[in-house]
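Each remark here refers to the structure printed beneath this line.
The values are calculated or read from the model by the stated rules, or taken from the named source; none is laboratory data. Given the structure is predicted, the values throughout are model-derived calculations rather than measurements. Using ideal geometry, Cβ is built from the backbone for each residue, glycine included, and neighbour counts are taken over all protein chains shown. Ligands, DNA and RNA are stripped out before the accessible areas are found, and what is left, the full protein with its side chains, is counted by its heavy atoms. Shrake-Rupley method; radii C 1.70, N 1.55, O 1.52, S 1.80 Å.
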Amino acid sequence: MRFTRVHDEIGRIQKQTAKAYGCHFWNMFEAMGGAGSAYRWARQSPPLMAQDLIHFTVPGYQRLAQL
């Protein structure tokens, strides 16, 4: 959970930059469910997030593609 603030800031900057350049913006952090979502994804059956909480599993990448 300690990276939540960092991810929020990255998303805010990306959204602001996209708006400034007339681009669309998709926030993966929000799409996954926000704070603590990596832990929830890792505990799914089958797991959607690898145990390193950085990478996704194949089903996790498939879910992201659907989102």
**OP:** Inspect all residues belonging to the range 50-66 and state whether any of them is modelled with pLDDT under 95 and among the small types (Gly, Ala, Ser).
**Re:** no
Original post:
So which residues in the range 27-40 are part of a helix (DSSP H, G or I) and either touching a residue at least 40 places away in the same chain (Cβ under 8 Å) or closer than 14 Å to residue 67 by Cα (or both)?
Top reply: 28, 29, 30, 31, 32
**OP:** Answer yes if at least one residue in the range 10-26 is in a loop (DSSP other than H, G, I, E, B), among the basic types (Lys, Arg) and more than 11 Å from the chain's Cα centre (by Cα), and no otherwise.
**Re:** no
**OP:** Just name the residue that is nearest to residue 4 (Cα to Cα) out of those in the range 41-67 that are open to solvent by 90 Å² or more (accessible area, probe 1.4 Å) and either among the aliphatic types (A, V, I, L, M) or not in a loop (DSSP other than H, G, I, E, B) (or both).
**Re:** 54
